[in-house]
Amino acid sequence: MKIKSVPFKFVFIIFYYLSCSIPISAQIFGEADLERLIMKHPMMKNYDKKTGHFKNTPHELRNVQDLKNENASLTLELNNIELEEIKRAKGSLEADIQNEDSFWNDVVSDSNRKQLLENKIRDNKELIERNGNPGFSKLYPIIDDMCNDIFVSLYDEKKVILNKLPRYLLNKPDLEGKDFRQFWNKPSSVILENYLKHSYYISQMFPSVDKTILFQKVGEYK
């Protein structure tokens, strides 16, 4: 059985959010397959397994040379705007402004564009210094949005939502003499411990083992 794997760091972060966000005071239990919900989220289409980053987002890993080329183009545009501002200011001193509304609209438009260009150039320079890696600060907002989307479908104030045990693709192990049958035939702590050490391997063979098991004594919760 081939099982798709989810990047561990994203699963860990979302598991943390889930554990902190779902109320635990209820008596009704529900089950969610968080791994499946993560994989089906639209944002996962942008996840690049090779880089570990999300494409088409602020968390995308950028090529340093591309960033330098982009800054060169942005700097050229910025210089042209500044030259236009000088030309406009000189013209306003030498002759009366014929259309003041148009004049000031151009001033404001150029000022706003300059601010955008300067911010973009600055951000690119920071990325260049980090070899194109935006860092985790750009990842957290993406995780926040994904968690919010997932929690909307899970939230129920009357329920405690428990997640299925995550499953990961593992290499074929040597299970000879390590199955639970051995313990039934000869109940000893050594056999049981040996079984438990390899139980996560055995679990890959039986899909039902990721089911949540709950035990509640009658009358324990009122």
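Listing for the model above:
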read-out	value
Pick from segment 67-111, criterion at pLDDT 90 or above and open to solvent by 90 Å² or more (accessible area, probe 1.4 Å), ranking: farthest from Pro134 (Cα to Cα)	Leu83
Filter pass, Glu60 being at pLDDT below 95 and either farther than 30 Å from Met43 by Cα or open to solvent by 80 Å² or more (accessible area, probe 1.4 Å) (or both)	no
Members of segment 46-75 found to be closer than 28 Å to Leu116 by Cβ and basic (Lys, Arg), listed by number	Lys55, Arg62, Lys68
Long-range neighbours under 9 Å by Cβ, at least six apart or interchain, first residue basic (Lys, Arg) within segment 143-163, second in a strand (DSSP E or B) and surrounded by fewer than 16 Cβ atoms within 10 Å (Cβ to Cβ)	Lys158/Ile28; Lys159/Ile28; Lys159/Phe29; Lys159/Gly30
Residue match in segment 128-150 (condition: farther than 30 Å from Ile38 by Cα and either out of contact with any Ser or Thr (no Cβ under 7 Å at 6 or more places or on another chain) or not polar (S, T, N, Q) (or both))	yes
Segment 136-159, subset part of a helix (DSSP H, G or I) and acidic (Asp, Glu), residue least open to solvent (accessible area, probe 1.4 Å)	Asp144
All positions within segment 26-45 that are surrounded by 12 or more Cβ atoms within 10 Å (Cβ to Cβ) and free of Cβ contacts under 8 Å to residues at least 12 places away in the same chain	Arg36, Met44
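To keep it simple, each residue is scored yes or no on (1) more than 37 Å from the chain's Cα centre (by Cα); (2) in a helix (DSSP H, G or I).
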site	(1), (2)
Gly91	yes, yes
Ile97	yes, no
Ser102	yes, yes
Val107	yes, yes
Asn112	no, yes
Ile121	no, yes
Glu126	no, yes
Pro134	no, no
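The values are calculated or read from the model by the stated rules, or taken from the named source; none is laboratory data. Nothing here was measured: the structure is a model prediction, and the numbers come from that model. Cβ atoms come from the backbone with ideal geometry, glycine included; neighbour counts cover every protein chain shown. The area values use the complete protein model at the heavy-atom level, side chains included, leaving out ligands, DNA and RNA. Shrake-Rupley method; radii C 1.70, N 1.55, O 1.52, S 1.80 Å.
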